Amino acid sequence: MVVIDATYHGTMSACMENLICFSRYPDSRKRSAANHAFLMGLLLTDKGGRLPLPRKSYYTKTYCAKKRRRYRSLNDLAAAMLREVAIPAGVEVTVVYDSAFDAKQVHQAARRRGFREVFPLAQVVRLA
């Protein structure tokens with residue numbers, strides 16, 4: 001099983017580069033919520049082993065433009081993680097992630113590798 005999730009690391013500094021600002025307060029006495037984002041993955045084996053996948057750092061569009069880097073969304077990074085994970089031939093893999101990664105590029109990467117996906121549905125579907 002491959003588990004994918006984003007982790008946010010908060011910082012007190014408002015002047016650091018590559019920060020995602022979740023909220024800004026007009027009152028200067030309140031601290032803004034600024035974070036760095038990392039994409040984390042974990043490979044769980046059938047015997048109970050846990051292998052962390054290489055962490056991928058998320059860079060904002062502004063930071064990428066300033067540093068002349070190619071911008072990649074968290075979904076692009078998740079799809080790249082699925083393409084790069086080393087799985088022995090003949091092993092069935094289930095990928096688990098939350099609704100933030102319910103995106104076309106993630107589904108395509110999983111399908112191309114023959115992985116099964118488990119993710120929450122965005123809408124409740126009524127059966128007639």
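All of the numbers you see were taken from the coordinates with simple rules; none came from a lab. The structure presented is a predicted model; accordingly, all values stated were derived computationally and were not measured. Backbone-built Cβ (ideal geometry, glycine too); neighbour counts: all protein chains shown.
The alpha-carbon of LYS61 sits under 19 angstrom from the alpha-carbons of these aspartates and glutamates, leaving out residues fewer than 8 places away in its chain: GLU17, ASP76.
For a modelled paramagnetic label at LEU44, 7 Å from Cα along Cα-to-Cβ, the residues of the range 80-110 in reach, with backbone nitrogen under 12 Å, are 94-97.
Cut-off is 10 Å between beta-carbons; in what order do GLU117, GLU84 appear when sorted fewest neighbours first? Mind showing how you got there, number by number?
On the way: GLU117 17, GLU84 12.
Going from sparsest to densest Cβ surroundings: GLU84, GLU117.
The label-point distance for SER57 and ALA86, in a model that sets each label 7 Å from Cα toward Cβ, rounds to 2.4 nm.
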